[in-house]
Amino acid sequence: MMIHSLDLPPTDAAIDAWLAVLTDAGAADLPQQPVPSRREVAGRLCVRPARGRPVLWATDGGEGVAALVLFTDEGNTHTAFLDVLTVRPQERRRGAGTALWERVREQLLADGRTSVATLVDLGGPGQAFAESLGFENVLPMAWYEQELPADGAAQVPATPGYELLTWHGLVPDAWAPAAAAAHEAMEDAPSGEMDERIPVWTAKWLHAMQQVIIDRGGELITVAAVTDAGEVAAYTELVLPDPSGPRALQYDTVVVPGHRGHGLGRAVKQRMAAEAAARHPALRHIATTVADANTPMRTVNESIGYRRGRGAGIFQLKL
């Protein structure tokens, strides 16, 4: 079986072939979930992530695809993230997945990486394949999903002493340093035994991460609870990979330690749901992952209508 590396950015034909593999695999493995749009796939393939160098492969016969991100940020140059390794259902157990993995592994070793991680849905072919290669679940989690009402109505709790602000796209320059400082509070979120380290957040780094989402054709919405002193006490981020589609992804939600216990996590999420529904009438579903060990965030999600879906995990392999 022949495997080739894709040029960056890929051609339109390569993007279409990649989308075809993901569409076939999604229909078989997750029939209840919509497949990514071409806009979303093209954005991820054509725009480099802020944190690393992407390497893409595809089989010549269109059986499967793989995408690896080699982290380049300080503290993470020893590890990498396997973003995609997918084979069409009708082509499985014929060696395509193994052949793609061998190319991935060769690249990891050539680049001096000592570990690699990937996000795996539990109970399906991805878990079985990952475990056959020696990957272990180092951060158990689950997908949670919220259905938005058609009228966009949402009850946003009062936040005495805090103002709720909404930002579309990049966080405004005036608030970027405070927002970056709030991101640092992610350090106490459960991370299991992951080798990957959380980067040091600065205003420049925050804008770089957000710009990638925009350059890929997506939309980013941030809701923050701020103080009169100019501090970002809590925030939540929502990403619409395709702003015309029905689904969005909840990214980070953080309440800074000194401001916990005031209902800010619930407030920013509720305001986010209302803002997103009003701005995007076609939006119906918000999905997010939460670590099983993150009891406070699971409690917040359940209180505003998120339901637990399929189990997942960050699986990691030591090389």
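Here are the numbers for this structure:
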| quantity | calculated |
| --- | --- |
| Added length on full extension, which subtracts the Cα-Cα distance from 0.36 nm per residue, Arg38 to Leu170 | 45.1 nm |
| Normalised per residue, the volume of the convex hull around the Cα set of the range 145-309 (Å³) | 115 Å³ |
| Gained length - Ser115 relative to Arg310, 0.36 nm times residue gap less alpha-carbon distance | 67.6 nm |
| FRET efficiency, Asp292 to Arg48 (Cβ-Cβ, R0 45 Å, nearest 0.05) | 0.90 |
| Sorted by Cβ neighbour density within 10 Å, fewest at the top, the residues Asp228, Asp195 | Asp228, Asp195 |
| Three-way shape call for the range 1-147 based on the alpha-carbon gyration tensor, with the a/c threshold at 1.5 | rounded |
| The range 145-309, relative contact order in percent, only Cα pairs under 8 angstrom and at least six apart counted | 31 percent |
| Distance (nanometres) between label positions extended 7 Å along Cα→Cβ at Ala181 and Asp60 | 5.8 nm |
| Column: log10 I(q)/I(0), Debye, Cα scatterers of the chain, q = 0.11, 0.13, 0.14 Å⁻¹ | -0.72, -1.02, -1.19 |
| Alpha-carbon centroid distance for the pair the range 48-84 / the range 165-188, whole angstrom | 27 Å |
| Farthest positive-ward along the chain dipole, Cα basis, beta-carbon charges - from Ala282, Gly230, Ile3 | Ala282 |
| Sorted by Cβ density within 10 Å, fewest first, the residues Arg88, Arg38 | Arg38, Arg88 |
| Cα pair distances exceeding 19 angstrom across the range 24-80, given as percent | 47 percent |
| Fully extended contour minus Cα-Cα distance, from Thr299 to Ala158, at 0.36 nm per residue | 48.9 nm |
| Packing-based exposure ordering (other Cβ within 10 Å, fewest first) of Lys269, Lys318 | Lys318, Lys269 |
| Expected 222 nm ellipticity per residue - DSSP helices of 4 or more, -39500 (n - 2.57), all of the chain, to 500 | -9500 deg cm²/dmol |
| Positive dipole terminus of the chain, leading residue within Gly161, Ser244, Ala174 (C-beta point charges) | Ser244 |
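Every read-out reported here was derived from the displayed coordinates using simple, explicitly stated rules and does not represent laboratory data. Keep in mind that this is a model prediction, so the values were computed, not measured. Cβ sites come from the backbone with ideal geometry, for glycine too, and all protein chains shown count toward neighbours.
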